[in-house]
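For reference, the structure is listed below as structure tokens.
The values are calculated or read from the model by the stated rules, or taken from the named source; none is laboratory data. On a predicted model such as this, the values are computed, not experimentally measured, just so you know. So basically every Cβ, Gly included, is an ideal-geometry build from the backbone, and we count neighbours across all protein chains shown.
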Amino acid sequence: MNRIIPAICIALGGLSAPAVASEATFEAIKIGAGAQLFASECRRCHATDSTHESYGPPLENIVGRAAGSYPDYDYSVALEASGIVWTQAALRAWMEDNAGFMPGTKMRHVGITDRTVQDFILTYLTSITTRDGSAISD
């Protein structure tokens, strides 16, 4: 939980007090905080844009994508054969305990167990998946 406070403070940096946050402003704050948390928790291995190098597959357009389906990435047999679609619920389970969620995966376990941190990262991942604003449900 202590890692989320700096990310929220960074995301709030552009707001002046007293600010009346609209729903859109709050969503933008959540996306900004999620981007910061993604950078600290996930970016060492994953990019969010296929034009940037990364060890793992890029996570742009991840929500709603079939697991193990990013072109030209060498996934584990377990992930390719899983039949899982990356919903928010599946991504949450993966963040929390990917080795337990998908035995046989080659990704090392990172264990993001704080649900608030998961929420912000999921909000960010959804924002880079649905750039047109369409909704994706679990």
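Which numbered condition trips up Trp94, out of (1) surrounded by 18 or more Cβ atoms within 10 Å (Cβ to Cβ); (2) touching a residue at least 12 places away in the same chain (Cβ under 8 Å)?
(2)
Suppose we filter Ala47, Ala7 for residues that are modelled with pLDDT under 95, out of contact with any helix residue (DSSP H, G or I) (no Cβ under 7 Å at 6 or more places or on another chain) and closer than 23 Å to Phe120 by Cβ; which single one remains?
That would be Ala47, the only listed residue that is modelled with pLDDT under 95, out of contact with any helix residue (DSSP H, G or I) (no Cβ under 7 Å at 6 or more places or on another chain) and closer than 23 Å to Phe120 by Cβ.
Of the numbered conditions (1) more than 19 Å from Gln36 (Cβ to Cβ); (2) modelled with pLDDT of 90 or more; (3) not aliphatic (A, V, I, L, M), His109 fails exactly one; give the number of that condition.
(2)
Among the residues of the stretch 17-44 satisfying the criterion of being closer than 20 Å to His109 by Cβ and of a type in the set (A, V, I, L, M), which is modelled with the lowest pLDDT?
Ala39
Show me the helices (runs of 4 or more DSSP H) entirely contained within the stretch 29-129 in which 3 or more residues are touching a Gly at 6+ places or on another chain (Cβ under 6 Å).
Result: 77-80, 115-127.
Determine which single condition Gly34 fails, assuming it passes every other condition in (1) small (Gly, Ala, Ser); (2) under 24 Å from Glu23 (Cα atoms); (3) exposed (fewer than 12 other Cβ atoms within 10 Å of the Cβ).
(3)
Out of everything in the stretch 112-131 that is polar (S, T, N, Q) and either touching a residue at least 60 places away in the same chain (Cβ under 8 Å) or surrounded by fewer than 16 Cβ atoms within 10 Å (Cβ to Cβ) (or both), what residue ends up being farthest from Gln36 (Cα to Cα)?
That would be Thr130.
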